[in-house]
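Each remark here refers to the structure printed beneath this line.
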Amino acid sequence: MMHKRGDDQKNKNNKKKQQLCPPPLHCYTSVVIVAGVSGCGKSSVGIAVAKLWGAATFADADDYHPTENVEKMRSGTALNDLDRKPWLEALAKLIKSHVESKTRLVLACSALKKSYRDILRGTDDKVCSKVGILLLEGSQELIASRLKDRKEHFFNPKVVSRVHRSLHHSDKL
């Protein structure tokens, strides 16, 4: 068999690419959190990811907010850390149950701050290592234009700038 010098170089380049590229998210996770501010496309992307992933449950974290939080947001009052704590803890339990039962979950959740994402992941390495985060970002102008056309959601577009400022970007995942 003849061996060409160029083939060796191609093989070396392919091996380098394989080493540089992480495995796809679905290879090592049980849960994917699609995070970002309201209006960035979490639900649309999350539903698409769940469909691509196969037998995955899609959940929207907004459905887990207590009534008081929904009313605050509807009135234009941004939630504080104390408001979010029981909500984040409930979502962390949901995530943990999916990891422990080895079922896939795609969760659309604002998860604005790194500390919130840490609560969602939990402290158990067996759970934490199975949770991936996909952070969606968009300019404040883009988000505001999307929210302006939304009628059925309780999020008040008046707080976009405040919420946008509180987002810890991808370098702080």
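The values are calculated or read from the model by the stated rules, or taken from the named source; none is laboratory data. Because the structure is a prediction, the values reported are computed rather than measured. Don't worry about glycine lacking a Cβ; one is built from the backbone with ideal geometry, like all the others, and counts go over all protein chains shown. Side chains are part of the model used for accessible areas, which takes the heavy atoms of the whole protein and leaves out ligands, DNA and RNA. Shrake-Rupley method; radii C 1.70, N 1.55, O 1.52, S 1.80 Å.
Here is the list for the stretch 27-127: chymotrypsin sites (Phe, Trp or Tyr not before Pro) lying in DSSP coil, each with at most 16 other C-beta atoms within 10 angstrom of its C-beta, are Y28. Once backbone amide H atoms are built at 1.01 Å from N, V106 has V32, T57, F58, A59 as its partners under 5 Å, excluding neighbours fewer than 5 places away on the same chain.
Close amide-amide hydrogen proximity is noted between L134 and I33, V34, A35, each under 5 Å apart and 5 or more residues distant or on a separate chain (H modeled in the peptide plane; Pro and chain starts excluded).
For the stretch 68-131, taking Cα atoms only, Rg and Dmax work out to 13.0, 39 Å respectively. Computed over protein heavy atoms with a 1.4 Å probe, the carbon and sulfur contribution to the accessible area of the stretch 39-88 reaches 56%.
A DSSP coil position with no more than 10 other Cβ atoms inside 10 Å describes the following trypsin sites (Lys or Arg not before Pro) in the stretch 65-138: K102.
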